[in-house]
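**Student:** Got a structure for you, questions after.
The values are calculated or read from the model by the stated rules, or taken from the named source; none is laboratory data. Nothing here was measured: the structure is a model prediction, and the numbers come from that model. Glycine also receives a Cβ, built like all others from the backbone with ideal geometry; neighbour counts cover every protein chain displayed.
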Amino acid sequence: MCSPENIKRFIAEECTPDRLTVVGVNVDFQELCKWTARSFAEQGHTIHHASQGQRELQLAKYTGGEIRVARPNPLCHLIFGWEVPGGWNGQWLAAVTVLQMFLGGGGSFSTGGPGKGMHTRLYTEVLNRYHWAESCQASSVMYIDSGLLTVYATVMPQFGSQFHNVLAQIFEGVAKMSNIELERAKNALKSSIHMNLEMRAVMMEDMGRQMVLSGKVGTAQEFTRMVDAITKEDLVEALKVCLKSPVSLVAFGAIEQVSPYEQIAKRFSDVTLP
């Protein structure tokens, strides 16, 4: 139960100095320390005690698998995911992020006018071709020791058994991307990085996240150079590495027509890439 006592106990046990990263931009260091200490004044003695012991961190272990939650819903919601080995500190960080931008996606209807990813592969090959696909979006998330490449889609319930086949075909077509598509994905990613870092709140979160994940802070220029170095072969190889892991499936809503997990897993394991 979420109560004030439970929240205080969680803070005391988990938000200890050895696990805390505080980020300040254009602020005096002593002022930052003072206000940070005041934020935890009520739990000060507990935090000090809790932080004395060394915590043993275990590496994440990706397993794959499925969760299906049937609920009254006009749509079938599907999320497919695969592991990105090494996560933030692995060799596939830049390639998977560019791959995510290349796949792109969005909704079948947008109030914002043309643009916003309408040239990405999931938009042109899924949303523009299959009337039963309401939305389709690729995403990636990176942690210290592992990461995830995911595709989330909402489809009409009677077509719930077809989407994984369509997605597998999209993956097989990655090797056929044109140089224009590759450069568009790289430019979109670089633009997103620089635009987001113009916002102070995003910049502070990014700095803190980088410190937690890698113990250092890279600049936007460094990430730009990493993106520029990515080739089509890197994207294909990154996708092959991800597809070696067992697929994770989450199905929610009107899921009666979704295929058995074994059938879905076999289709993705059969994806052919050069």
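**Student:** Could you check how many residues of region 124-145 are out of contact with any strand residue (DSSP E or B) (no Cβ under 6 Å at 6 or more places or on another chain) and not acidic (Asp, Glu)?
**Tutor:** Restricting attention to region 124-145, the residues satisfying the condition of being out of contact with any strand residue (DSSP E or B) (no Cβ under 6 Å at 6 or more places or on another chain) are 124-125, 128-131, 142-145.
Imposing the further condition that a residue be not acidic (Asp, Glu) reduces the set to 124, 128-131, 142-144.
Within region 124-145, residues that are out of contact with any strand residue (DSSP E or B) (no Cβ under 6 Å at 6 or more places or on another chain) and not acidic (Asp, Glu) number 8.
**Student:** Now for a different question. Could you say whether any residue in region 218-231 is over 16 Å from Phe102 (Cα atoms), in contact with a strand residue (DSSP E or B) (Cβ under 8 Å, 6 or more places away or on another chain) and either assigned by TED's automatic domain parsing to the domain that holds Leu99 or surrounded by fewer than 18 Cβ atoms within 10 Å (Cβ to Cβ) (or both)?
**Tutor:** no
**Student:** Which of the residues that make up region 70-84 are in contact with a Phe, Trp or Tyr (Cβ under 7 Å, 6 or more places away or on another chain) and under 15 Å from Thr150 (Cβ atoms)?
**Tutor:** His77, Leu78, Ile79, Glu83, Val84
**Student:** If Leu127 passes every condition in (1) crowded, with 18+ Cβ neighbours inside 10 Å; (2) closer than 24 Å to Glu83 by Cα but one, which one does it miss?
**Tutor:** Answer for Leu127: the failing condition is (2).
**Student:** So, one more: Restricting the search to region 138-187, which residues are aliphatic (A, V, I, L, M) and part of a helix (DSSP H, G or I)? Reasoning before the result, please.
**Tutor:** To start, the set of residues in region 138-187 that are aliphatic (A, V, I, L, M) comprises 138, 141-142, 144, 148-149, 151, 153, 155-156, 166-168, 170, 174-175, 177, 180, 182, 185.
Val166, Leu167, Ala168, Ile170, Val174, Ala175, Ile180, Leu182, Ala185 - these are the residues of region 138-187 that are aliphatic (A, V, I, L, M) and part of a helix (DSSP H, G or I).
**Student:** Would it be correct to say that Leu189 is in the same structural domain as Phe223 (by TED's automatic domain parsing) and under 15 Å from Met101 (Cα atoms)?
**Tutor:** yes
**Student:** Looking at region 193-209, which of its residues are within 21 Å of Ser139 (Cβ to Cβ), without any contact (Cβ under 8 Å) to a residue 40 or more places away in the chain and not aliphatic (A, V, I, L, M)?
**Tutor:** His194, Asn196, Asp206, Arg209
Per-residue answers, yes or no, for (1) more than 30 Å from Asn26 (Cβ to Cβ); (2) touching a residue at least 40 places away in the same chain (Cβ under 8 Å):
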residue: Arg121; (1), (2): yes, yes
residue: His131; (1), (2): yes, no
residue: Val141; (1), (2): no, no
residue: Gln158; (1), (2): yes, yes
residue: Leu167; (1), (2): yes, yes
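**Student:** I'd like to check which strands (runs of 3 or more DSSP E) are fully inside region 26-113 and have at least 2 residues that are at pLDDT 95 or above.
**Tutor:** On the way: elements: 65-70, 76-85, 105-107.
Those strands (runs of 3 or more DSSP E) span 65-70, 76-85.
**Student:** Which residues, taken from region 260-274, are part of a loop (DSSP other than H, G, I, E, B) and surrounded by fewer than 16 Cβ atoms within 10 Å (Cβ to Cβ)? Don't jump to the end; show me each part of the working.
**Tutor:** The initial filter retains those residues of region 260-274 that are part of a loop (DSSP other than H, G, I, E, B), namely 260, 270-274.
Once the filter is applied, which keeps residues that are part of a loop (DSSP other than H, G, I, E, B) and surrounded by fewer than 16 Cβ atoms within 10 Å (Cβ to Cβ), region 260-274 yields Pro260, Asp270, Thr272, Leu273, Pro274.
**Student:** Continuing with the same structure: Any idea how many residues of region 3-25 are β-branched (Val, Ile, Thr) and in a helix (DSSP H, G or I)? Talk me through it step by step, then tell me what you get.
**Tutor:** Going through region 3-25, the residues β-branched (Val, Ile, Thr) turn out to be 7, 11, 16, 21-23, 25.
Those left that are additionally in a helix (DSSP H, G or I): 7, 11.
Selection size over region 3-25: 2.
**Student:** Does region 192-214 include one or more residues that are touching a helix residue (DSSP H, G or I) at 6+ places or on another chain (Cβ under 7 Å), under 21 Å from Gly147 (Cα atoms), part of a helix (DSSP H, G or I) and of a type in the set (Ser, Thr, Tyr)?
**Tutor:** Among the residues of region 192-214, at least one is touching a helix residue (DSSP H, G or I) at 6+ places or on another chain (Cβ under 7 Å), under 21 Å from Gly147 (Cα atoms), part of a helix (DSSP H, G or I) and of a type in the set (Ser, Thr, Tyr), which makes the answer yes.
**Student:** Which condition number in (1) hydrophobic (A, V, I, L, M, F, W, C); (2) loosely packed, with under 12 Cβ neighbours inside 10 Å; (3) in contact with a helix residue (DSSP H, G or I) (Cβ under 7 Å, 6 or more places away or on another chain) is the one that Leu239 fails?
**Tutor:** Answer for Leu239: the failing condition is (2).
**Student:** Condition (residue is within 18 Å of Val151 (Cα to Cα), of a type outside the set (Asp, Glu), assigned to a helix (DSSP H, G or I) and touching a Leu at 6+ places or on another chain (Cβ under 9 Å)) applied to region 247-256: is it met by at least one residue?
**Tutor:** Checked against the condition, which is being within 18 Å of Val151 (Cα to Cα), of a type outside the set (Asp, Glu), assigned to a helix (DSSP H, G or I) and touching a Leu at 6+ places or on another chain (Cβ under 9 Å), region 247-256 yields no hits at all.
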